[in-house]
Each structure stands twice: as C-alpha cells, then as structure tokens.
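Take a look at the structure below.
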Amino acid sequence: MDKEEWQQKGEGHRQRLRDKFLERGMEGFKDDEILELLLTMGTPRKDCKDEARALLATFGTLAGVLEAAPAQLQQVPGVGPKNSYAIHFIQGVARRYLRQRLAAKQYVRSSAEVSDYLIHAMRDLKREVLMVIYLDASHSIIDSEIVAEGTLASNTVYPRELIKPALARHAAALVIAHNHPSGSQTPSAEDRRLTRNLYLALSFVNIRLLDHLIVAGSSPPYSFADHGLMGQLAEECAGLLR
C-alpha cells in the first residue's frame, strides 16, 4: 500500500467514526475511539489509533488522560504539542460548560449537577484546592471559583479570601469544597478547624456557610451538612457569638 492509499484508508476510518458520533452520539464508542477522534483534531491527516491506545495504557482511563498535563501527554510516543492541545482544550471546555450550567440554579435542587462539576474539576488534581460556590438569598448559584491552592489549613486559608469576593457578588451564603488527593473522603481535624473558623468569620458579615464538601475520586463528595457537622458548628459558634 503506497502513502496515498494509506492516507485514504485512514481518512475513511476517521470519517466513519465521525459519522458514528453524528448518528448515535457517544453510545457505542470505546475510550480509545474517543481519544482517537480528539487527537485527530490536532493532527487531522494522521492515523492516531496507536497513540490513543498508548495514552490509555499510560494513564489508565479516559479520565486520567483528560486530566493529564500537556507535558505528561507529550511524553507518550507519537503525541505532540498539537495533540496535547486538543485534549487539554476539550477538558477546559467541559469544565466551563459544567460550571456555567449551574448559574442561577437552586443549589439544593441541583446537588447532583454540583457534584458532577466538583468531581470533574477536582478529582484528579495533585494538589489541594479550595473552591467556593456563591449563593444568593434564595440559594440560587451566582458563581464559583478556586480561592486557594496548596496545603489547606486554618492558618493558611484566610477568611478575607472568601469574604471579599462574596461581598462583591452580594452573596448571602456559601458552599466550600476541597479535594483530598490521597483518595480518602474522611475529614481531618484540620478540615474541621478550617470549617469552624470560616463559619465563624462569615457569620460576622451575615453570610451563611451552608456546607463543606470533600472531593476524593469519583464518588459523590462527602458533605459536612449531610453528616450533621454543620449543625454542630452552628451550635458551637452560636455560643461564641452571644
């Protein structure tokens, strides 16, 4: 088979994958086929089957590939800057979509969507981050953002990092979330101290801290509120505020 015939065969295969997606969406697609199509966005005239399979072998899952940094992706033979750009771009689009989908929705009624967004945004991060979800007086979602990165402790996360942007957005309540790269959802003693300090500080400016969520892996986040910890904090801080 000469070069021209090889290119025509590869283009026919890629077109069949595109047609399959247009007809049935993601149903029936294998993870390596999804990655193959993503890679062809960066190099449309190249056969990317081997690279797609190599990425899965290296990172284990489709999620692992999507969460990998561009430099890590490019360590896989055959994956260059254009391929890694395509994968990284799709990941960024997915996060923005999930974030914007939450805007103006009632937090309580959208808990599943909030969980999806947090898991997608935080589960594979190698460092801890603290994310804040800002809510209005009716607990509709105003916005969300990461406000701290690195070691999250009561002496490294300052209340002003939450209060200033919350006031700027006219937020009446907040939900905070952070990830545990270790994979354990169990809140540490430091997690509890951090939650207590932030709850107390926010109370002074009449902003309620409704919940603290811990993301670890793909399981639904651990909720301080669902486990009764926010109620305990409310009682403890009420005594201090009297």
Using the structure shown, list the pairs from K82/K164; K82/K126; K20/K82 with a Cα-Cα distance above 28 Å, or answer none.
K82/K164
First select every other residue whose beta carbon is under 13 angstrom from the beta carbon of I146; then total the charges, Lys and Arg +1, Asp and Glu -1.
-2
The rounded separation in angstrom of the Cα centers of region 173-191 and region 37-82 is 31 Å
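Multiply the residue gap between A189 and Q72 by 0.36 nm, knock off their C-alpha separation, and tell me the result in nm, one decimal place.
In short, 38.7 nm is gained.
Could you please report the charge total around P77, scoring K, R as +1 and D, E as -1 over all other residues with beta-carbon less than 9 angstrom from its beta-carbon?
-2
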Once fully extended, how much extra length lies between H170 and E113, figured as 0.36 nm per residue of separation less the alpha-carbon to alpha-carbon distance?
18.2 nm
Honestly region 106-241 on the Cα gyration tensor test (a ≥ b ≥ c root eigenvalues; a/c under 1.5 rounded, otherwise a/b vs b/c for prolate or oblate) is just rounded
Of 206-217, 226-237, 68-79, ordering from highest average Cβ density within 10 Å down gives 206-217, 68-79, 226-237
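We did not get these values from a lab; they are worked out from the coordinates using the rules stated. Treat the numbers as computed from the prediction; the structure is a model and nothing was measured. Positions of Cβ are generated from backbone atoms using ideal geometry, with glycine treated the same way; all protein chains shown enter the neighbour counts.
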